[in-house]
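The values are calculated or read from the model by the stated rules, or taken from the named source; none is laboratory data. None of the values given here were measured: they were computed from a predicted structure. Every residue, glycine among them, receives a Cβ derived from its backbone with ideal geometry; neighbour counts consider all protein chains shown.
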């Protein structure tokens with residue numbers, strides 16, 4: 001299958017079908033609104049505002065997704081084996097690289113001790129992140145700027161959500177480039193969720209926690225005391 005054919009643009013909003021797709025401005029405003037709520041949740045202390053912003057971002061993402069007329073296939077929900085071998089293979093290779101880097105950097109500090117009973121919770125959260133990144137943000141950027149630029153744009157937003165952690169910001173950008181490119185080609189968020197979870201857990205359990213601050217981002221990274 002040719003690379004250029006692996007793009008699945010969709011028309012948003014059934015109410016707009018008779019008059020055409022929504023404008024680029026409206027699509028970008030939708031992304032900005034959801035992403036803005038995510039940043040509010042990331043940059044406010046634990047409390048009412050923090051939880052409200054997080055819930056609002058989740059509700060708005062779901063509502064706008066289901067108000068669209070993107071098919072489940074366009075959202076990456078119907079092809080669980082598409083590109084699975086390549087995606088999982090690349091993920092396994094990156095896991096080994098991270099483990100090796102972690103071993104080489106043990107002199108900088110110990111990694112985080114992760115309770116095994118929380119791994120499945122992170123796996124679910126990783127899949128949720130992939131849905132937001134791919135099925136909401138990437139799909140909309142693709143309509144405005146095309147599939148290849150959407151890969152870069154979505155990766156930049158994903159990295160921005162991990163500021164001010166220097167290590168996580170860089171790793172998130174590089175990881176998102178891979179995730180979005182695999183989504184562009186194969187439209188499968190399930191294997192991406194698995195790889196995302198595996199990489200996140202490997203990073204937390206392999207790299208020095210002095211650099212990761214328990215994988216916190218936003219205000220949580222700044223107030224972390226170890």
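Consider residue 127 carefully, then state whether it is in a loop (DSSP other than H, G, I, E, B) and within 19 Å of residue 162 (Cβ to Cβ).
no
Output the residue which, of all residues in the range 97-112 that are without any contact (Cβ under 8 Å) to a residue 24 or more places away in the chain and surrounded by fewer than 10 Cβ atoms within 10 Å (Cβ to Cβ), is nearest to the chain's Cα centre (by Cα).
So the residue we want is 104.
Find the residue count for the range 158-169, including only residues that are surrounded by fewer than 20 Cβ atoms within 10 Å (Cβ to Cβ) and either touching a helix residue (DSSP H, G or I) at 6+ places or on another chain (Cβ under 7 Å) or not in a helix (DSSP H, G or I) (or both).
5
If we scan the range 97-119, do we find a residue that is part of a helix (DSSP H, G or I) and closer than 28 Å to residue 74 by Cα?
No, that holds for no residue.
Which numbered condition in (1) within 17 Å of residue 185 (Cβ to Cβ); (2) out of contact with any helix residue (DSSP H, G or I) (no Cβ under 9 Å at 6 or more places or on another chain) is the only one that residue 97 fails?
(1)
Results for (1) out of contact with any helix residue (DSSP H, G or I) (no Cβ under 6 Å at 6 or more places or on another chain); (2) within 25 Å of residue 72 (Cα to Cα); (3) not in a loop (DSSP other than H, G, I, E, B), shown as yes or no for each residue.
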site: 171; (1), (2), (3): yes, no, yes
site: 174; (1), (2), (3): yes, no, yes
site: 182; (1), (2), (3): no, yes, yes
site: 192; (1), (2), (3): no, yes, yes
site: 196; (1), (2), (3): no, yes, yes
site: 202; (1), (2), (3): no, no, yes
site: 216; (1), (2), (3): yes, no, no
site: 221; (1), (2), (3): yes, no, yes
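At pLDDT 90 or above, part of a helix (DSSP H, G or I) and buried (at least 16 other Cβ atoms within 10 Å of the Cβ): is that true of residue 77 in this structure?
No.
Please give the number of the condition residue 151 fails out of (1) touching a helix residue (DSSP H, G or I) at 6+ places or on another chain (Cβ under 6 Å); (2) buried (at least 19 other Cβ atoms within 10 Å of the Cβ); (3) within 22 Å of residue 199 (Cα to Cα); (4) touching a residue at least 40 places away in the same chain (Cβ under 8 Å).
(4)
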